[in-house]
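To start, the structure itself, in structure tokens.
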Amino acid sequence: MGDIREFYNKTAISWSWEWLKDKRQSNVCQTFYSMFSNAGTLSPKILDVGCGLGYDSYLLSELGASVIGVDFSEKSIEIARQNVQNCDFFVSDITMPLDNLGQFDGILCLGVIDYVDIMKLGETFQNFCGIMKKGALLLVSVLDGIGKNEQKSNFNIDGESYDLNFYCYDIEQICAVSFPKLKLVDSLYFDDYRDGWRYYVFLKV
């Protein structure tokens, strides 16, 4: 059975660049960027975690941010580098230390934490804290719930089975593993709220 990295390497080419035209996606980036612009932070340095093909990195950079994108899918990073010229992209595993990337004003982490096993969730947030400046913001989205979601975990492509180990997390779990270095400061609501997706903003204290 294939794992999540193999899955995204195999399917990366199928994700359409047309997603950039999806206004729902741009709404998230605009909302996050406005948190910095409203505070007077010009050209904030933002890490796009699980950047995939670089959609959100591109949108943030167009708004004025200095963006680095990371993903553990080598194929996704290859495509991102080809399509987004004004951002830097690196292959990286967020469950490992990220110190080599520098310090950031903000981290965007959309639909990524769900692929982190609960046993590694705490150290993943510690890795985030290690590269966040004091007062930096983290926007993270998760599918609300508790435990492994079998429907979103199991896929079959070309006769090969994949287990993506997709986990749902509630806010109590996230706050528990991020305390005391990160403080929950806001919850955001977008079009996919009814589908169970939750967006939380944390502040590095």
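Filter the range 100-125 down to residues that are assigned to a helix (DSSP H, G or I) and within 20 Å of ASP170 (Cβ to Cβ), then give me how many there are. Break it down stepwise before answering.
The initial filter retains those residues of the range 100-125 that are assigned to a helix (DSSP H, G or I), namely 100-101, 113-115, 118-125.
Next, only the ones that are within 20 Å of ASP170 (Cβ to Cβ) stay: 113-115, 118-125.
Residues in the range 100-125 being assigned to a helix (DSSP H, G or I) and within 20 Å of ASP170 (Cβ to Cβ): 11 in total.
Looking only at the range 150-174, which residues are surrounded by fewer than 15 Cβ atoms within 10 Å (Cβ to Cβ), of a type outside the set (Asp, Glu) and assigned to a helix (DSSP H, G or I)?
Answer for the range 150-174, where residues must be surrounded by fewer than 15 Cβ atoms within 10 Å (Cβ to Cβ), of a type outside the set (Asp, Glu) and assigned to a helix (DSSP H, G or I): GLN151, ILE171.
Would you confirm whether or not the range 178-185 contains a residue that is closer than 21 Å to ASP71 by Cβ and surrounded by fewer than 21 Cβ atoms within 10 Å (Cβ to Cβ)? Give the derivation first.
Start the filter on the range 178-185 by keeping residues that are closer than 21 Å to ASP71 by Cβ, which leaves none.
No, the range 178-185 has no match at all.
What is the residue count in the range 82-99 for residues that are modelled with pLDDT of 95 or more and either over 15 Å from GLN126 (Cα atoms) or in a helix (DSSP H, G or I) (or both)?
Qualifying residue count, the range 82-99: 7.
Can you find, within the range 11-40, the residue that is modelled with the lowest pLDDT among those that are part of a helix (DSSP H, G or I) and in contact with a Gly (Cβ under 8 Å, 6 or more places away or on another chain)? Walk me through it before giving the result.
Initial filter on the range 11-40 (part of a helix (DSSP H, G or I)): 11-14, 17-21, 23-37.
Cutting the leftovers down to in contact with a Gly (Cβ under 8 Å, 6 or more places away or on another chain) gives us 12, 32-33, 35-37.
On the way: ALA12: 79, PHE32: 97, TYR33: 97, MET35: 97, PHE36: 97, SER37: 91.
The selected residue is ALA12.
Consider GLU62 carefully, then state whether it is part of a helix (DSSP H, G or I), among the acidic types (Asp, Glu), farther than 25 Å from VAL177 by Cβ and out of contact with any Ser or Thr (no Cβ under 6 Å at 6 or more places or on another chain).
Yes; evaluated as a whole, the condition is true for this residue.
Take PHE104 and decide whether it is over 24 Å from PHE7 (Cβ atoms), out of contact with any Lys or Arg (no Cβ under 9 Å at 6 or more places or on another chain) and among the aromatic types (Phe, Trp, Tyr). Don't jump to the end; show me each part of the working.
Working: over 24 Å from PHE7 (Cβ atoms): yes; out of contact with any Lys or Arg (no Cβ under 9 Å at 6 or more places or on another chain): no; among the aromatic types (Phe, Trp, Tyr): yes.
In short, no.
Kindly check whether there is at least one residue in the range 116-136 that is in contact with a strand residue (DSSP E or B) (Cβ under 6 Å, 6 or more places away or on another chain), among the hydroxyl-bearing types (Ser, Thr, Tyr) and surrounded by 18 or more Cβ atoms within 10 Å (Cβ to Cβ).
no
Taking the condition of being touching a Phe, Trp or Tyr at 6+ places or on another chain (Cβ under 7 Å) and not aliphatic (A, V, I, L, M), how many residues in the range 164-205 meet it?
Number of matching residues: 7.
Quick one: is GLY135 under 26 Å from TYR55 (Cβ atoms) and either free of Cβ contacts under 8 Å to residues at least 24 places away in the same chain or not in a helix (DSSP H, G or I) (or both)? Quick ask: steps written out before the conclusion?
Details: under 26 Å from TYR55 (Cβ atoms): no; either free of Cβ contacts under 8 Å to residues at least 24 places away in the same chain or not in a helix (DSSP H, G or I) (or both): yes.
No.
Hey, can you tell me all the residues within the range 163-174 that are free of Cβ contacts under 8 Å to residues at least 60 places away in the same chain and within 17 Å of the chain's Cα centre (by Cα)?
Listed by number, the residues that qualify are PHE166, TYR167, CYS168, TYR169, ASP170, ILE171.
Is it fair to say SER76 is of a type in the set (Ser, Thr, Tyr), in a helix (DSSP H, G or I), out of contact with any His (no Cβ under 6 Å at 6 or more places or on another chain) and modelled with pLDDT of 95 or more?
On the way: of a type in the set (Ser, Thr, Tyr): yes; in a helix (DSSP H, G or I): yes; out of contact with any His (no Cβ under 6 Å at 6 or more places or on another chain): yes; modelled with pLDDT of 95 or more: no.
For SER76, the condition - of a type in the set (Ser, Thr, Tyr), in a helix (DSSP H, G or I), out of contact with any His (no Cβ under 6 Å at 6 or more places or on another chain) and modelled with pLDDT of 95 or more - is not met.
The values are calculated or read from the model by the stated rules, or taken from the named source; none is laboratory data. Here the structure is a predicted model, which is why all the values come from computation and not from measurement. Reconstructed Cβ throughout: ideal geometry from the backbone, glycine too, with neighbour counts over all protein chains shown.
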